[in-house]
Amino acid sequence: MIKNTEFIIDRRDIRCIDELPGILEQNFGSRILRWFVSRITVKEVFIEITMSDQEEYPFPRDGGGNFPGKSVVVSVIPTGIGCEIGGYAADAAPATELLASCTDYLITNPNAVNASNFIFMKDNIWYTEGYIIDQFCKGGVNLYKPYSNKVGLIIEKTGRQELEIVFNIMNTVRAVYGVNIQHYVITDGPVGGRCERNKSGSYVGKLEDTGILFKACEELIRAGVDAIGVTSNILELPPEDYARHFEGLHPNPVGGAEAIISHLIEAKYKLPAAHAPLINMKNMNLKSNIVDARGAGEFSSTSGLACVLIGLSQAPQISPQPGCRIKDIVNINNLLAIVAPAGALGGIPMLYAEQYQVPVIAVKNNKTILDVTAAHLQLKQALEVNNYFEAAGVIQALKHGISLQSINRPLSTLRF
């Protein structure tokens, strides 16, 4: 049902890189769930695509309007590509908080702030899964910030011990964080998400049968939920690579498969969604049980679920749901800038930013396994900075209408 493929385009067929989204839509339509430029050579552009081979998921363009007085920044932390900052377990949360302090609202991926039992996220950070971020940056949808969502949970069929862990976590976030969880579904069988690795070395996922997942989603939607969490095991995870990940040497193998499950739910049902591992993997041959600090949150937690339920409780909607009170609304007209790793600029948000002339702040010290830079893509809107401290300064200048050129030196002198 869900498959991963590589699509190669001759560079002579593209006059400028912002034509690429249109080429992909023309070739694959709305079957695409996720894509990014993984490599560029002198002759070719390589795109890794995750798509449905049976069903299309049209996403109507219903974004519009102006909501003045609110500045929005999108911070993109892709999963499965080994981000030095954000490629582990919420290790991008401090950088995310810094960026959020410079703008009214900061929109970011769940994996930037998710650390299983832990989550670091203030009120002006909008917990937004990658598929909805893509639609927002395309200019196709408004984002509606709710006061709270009614969160439904899909639990993969499992044993009594695992169910006890899940229900204790659900009850904890209800009692401690006030999360509204009234409905859950235990599936009839395994959800079936599997880990897969692309040619670039990035991790993605596949799902051979969506029937069990969709049946559970529809039961929750009939019960009136506004957001959907899924907790299931990801199959075919490579233990040796996972061990190297916890040693700080390898991309996270699980994140790409999780992203596909949540992308699929959002594409079909147009509701915010996020996935959590049912039980975090521990049976690895580690050199030390004190793991890399960036992954310690995951390693010290039995399940990945708590942060997902807390995050979804106020995740933005793409259309107002019945009975869901809306706190604020933003769209592409509020977008001040996009922040992303400097070597991973080949995704939907950054390429659409080129079309909308939105600045892309490329952070050089957030290295990844990719090398898709502004220079390779010939992005006119990109500005490279060394770190997130500098990115925060650029956002402040943009928010206050200060010309970036006026801060840099040398400053050219205008003469008649």
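The values are calculated or read from the model by the stated rules, or taken from the named source; none is laboratory data. All values reported here derive from a predicted model rather than from experimental measurement. Virtual Cβ from ideal backbone geometry, glycine too; neighbours counted across all protein chains shown.
Yes/no per residue for (1) under 22 Å from H245 (Cα atoms); (2) among the small types (G, A, S):
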residue	(1), (2)
S71	no, yes
V74	no, no
P78	yes, no
C83	yes, no
D91	yes, no
L99	no, no
T103	no, no
N109	yes, no
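Give S412, S406 a once-over and let me know the one that is small (G, A, S), over 21 Å from P78 (Cα atoms) and not in a loop (DSSP other than H, G, I, E, B).
Working: S412 fails: not in a loop (DSSP other than H, G, I, E, B).
The unique qualifying residue is S406.
Looking at L335, L286, L312 in this structure, which one is out of contact with any Gly (no Cβ under 7 Å at 6 or more places or on another chain) and modelled with pLDDT of 95 or more? If you could, list the steps in order and put the result at the bottom.
On the way: L286 fails: modelled with pLDDT of 95 or more; L312 fails: out of contact with any Gly (no Cβ under 7 Å at 6 or more places or on another chain).
Checking each option against the conditions leaves just L335.
Kindly list, by first and then second residue, each pair from a residue in the range 139-158 that is over 21 Å from V185 (Cα atoms) to a residue that is in a strand (DSSP E or B) and of a type in the set (D, E, K, R), limited to pairs with Cβ atoms under 6 Å and residues at least 6 apart or on different chains.
These pairs meet every condition: K145/K327; K145/D328; Y147/K327.
What number of residues within the range 63-74 satisfy the criterion of being more than 29 Å from A93 (Cα to Cα) and either touching a helix residue (DSSP H, G or I) at 6+ places or on another chain (Cβ under 7 Å) or loosely packed, with under 12 Cβ neighbours inside 10 Å (or both)?
Residues of the range 63-74 that are more than 29 Å from A93 (Cα to Cα), as a first pass: 64-66.
Next cut, either touching a helix residue (DSSP H, G or I) at 6+ places or on another chain (Cβ under 7 Å) or loosely packed, with under 12 Cβ neighbours inside 10 Å (or both) only: 65-66.
Of the residues in that region, 2 qualify.
Tell me which helices (runs of 4 or more DSSP H) are completely within the range 315-400 and hold 2 or more residues being in contact (Cβ under 8 Å) with a residue 40 or more places away in the chain, surrounded by fewer than 17 Cβ atoms within 10 Å (Cβ to Cβ) and not aromatic (F, W, Y), or say none if there are none. Steps first, answer last, please.
Details: elements: 348-356, 374-377, 388-399.
Because the criterion is at least 2 residues that are in contact (Cβ under 8 Å) with a residue 40 or more places away in the chain, surrounded by fewer than 17 Cβ atoms within 10 Å (Cβ to Cβ) and not aromatic (F, W, Y), the helices (runs of 4 or more DSSP H) in the range 315-400 that meet it are 388-399.
Being touching a Lys or Arg at 6+ places or on another chain (Cβ under 6 Å) and surrounded by fewer than 16 Cβ atoms within 10 Å (Cβ to Cβ) is the filter here, so list the residues in the range 225-243 that pass it. Show your work before the answer.
Within the range 225-243, the subset touching a Lys or Arg at 6+ places or on another chain (Cβ under 6 Å) is 225-226, 235-236.
Passing the criteria: L235, E236.
Which is farther than 27 Å from G69 by Cβ and within 22 Å of the chain's Cα centre (by Cα), of A362, A353, A391?
On the way: A353 fails: farther than 27 Å from G69 by Cβ; A391 fails: farther than 27 Å from G69 by Cβ.
Of the residues listed, the single one that is farther than 27 Å from G69 by Cβ and within 22 Å of the chain's Cα centre (by Cα) is A362.
All but one of (1) at pLDDT 90 or above; (2) among the β-branched types (V, I, T); (3) within 17 Å of V360 (Cβ to Cβ) hold for I17; which doesn't?
Of everything listed in (1) at pLDDT 90 or above; (2) among the β-branched types (V, I, T); (3) within 17 Å of V360 (Cβ to Cβ), I17 misses just condition (1).
Whether any residue in the range 171-193 is within 30 Å of A353 (Cβ to Cβ), among the β-branched types (V, I, T), out of contact with any Phe, Trp or Tyr (no Cβ under 7 Å at 6 or more places or on another chain) and in contact (Cβ under 8 Å) with a residue 40 or more places away in the chain is what I want to check.
Narrowing the range 171-193 to residues within 30 Å of A353 (Cβ to Cβ): none.
No, because not a single residue in the range 171-193 is within 30 Å of A353 (Cβ to Cβ), among the β-branched types (V, I, T), out of contact with any Phe, Trp or Tyr (no Cβ under 7 Å at 6 or more places or on another chain) and in contact (Cβ under 8 Å) with a residue 40 or more places away in the chain.
Within the range 213-242, track down each residue that is under 20 Å from V254 (Cα atoms), assigned to a helix (DSSP H, G or I) and at pLDDT 95 or above. If you could, list the steps in order and put the result at the bottom.
So the first thing to find is which residues in the range 213-242 are under 20 Å from V254 (Cα atoms), and the list is 213, 228-242.
Filter again for assigned to a helix (DSSP H, G or I), leaving 213, 239-242.
Matches in the range 213-242: L213 only.
Which residue is farthest from I125 (Cα to Cα), if the candidates are limited to the range 40-73 and must be within 24 Å of the chain's Cα centre (by Cα) and among the charged types (D, E, K, R)?
Restricting to residues being within 24 Å of the chain's Cα centre (by Cα) and among the charged types (D, E, K, R), the top hit is D53.
Within the range 103-150, considering only strands (runs of 3 or more DSSP E) that don't extend past its boundaries, which have at least 1 residues that are aromatic (F, W, Y) and closer than 18 Å to A92 by Cβ? Please lay out each step first, then the result.
Details: elements: 105-108, 125-127, 143-146.
The strands (runs of 3 or more DSSP E) meeting that bar are 105-108, 125-127.
Does any residue in the range 28-43 that is within 25 Å of Q54 (Cβ to Cβ) and in contact (Cβ under 8 Å) with a residue 12 or more places away in the chain come within less than 8 Å, Cβ to Cβ, of a residue that is β-branched (V, I, T) and assigned to a helix (DSSP H, G or I) six or more places away or on a different chain, and which pairs are these?
Pairs found: L33/I260; R34/I260; W35/I348; F36/I348.
Does the range 207-220 contain any residue that is aromatic (F, W, Y) and closer than 21 Å to I369 by Cα? Quick ask: steps written out before the conclusion?
Step one: of the range 207-220, the residues aromatic (F, W, Y) are 214.
Narrowing the set further to residues that are closer than 21 Å to I369 by Cα leaves none.
Looking through the range 207-220, none of the residues is aromatic (F, W, Y) and closer than 21 Å to I369 by Cα.
Being closer than 25 Å to G193 by Cβ and touching an Asp or Glu at 6+ places or on another chain (Cβ under 8 Å) is the filter here, so list the residues in the range 130-178 that pass it.
If the condition is that a residue be closer than 25 Å to G193 by Cβ and touching an Asp or Glu at 6+ places or on another chain (Cβ under 8 Å), then Y131, I132, N149, K150, V151, K157 are the ones that fit.
Among (1) more than 24 Å from I326 (Cα to Cα); (2) touching a His at 6+ places or on another chain (Cβ under 9 Å), which single condition is A223 missing?
Going through the list (1) more than 24 Å from I326 (Cα to Cα); (2) touching a His at 6+ places or on another chain (Cβ under 9 Å), A223 breaks only (1).
Determine which single condition A259 fails, assuming it passes every other condition in (1) buried (at least 18 other Cβ atoms within 10 Å of the Cβ); (2) over 12 Å from C195 (Cβ atoms); (3) not β-branched (V, I, T).
(2)
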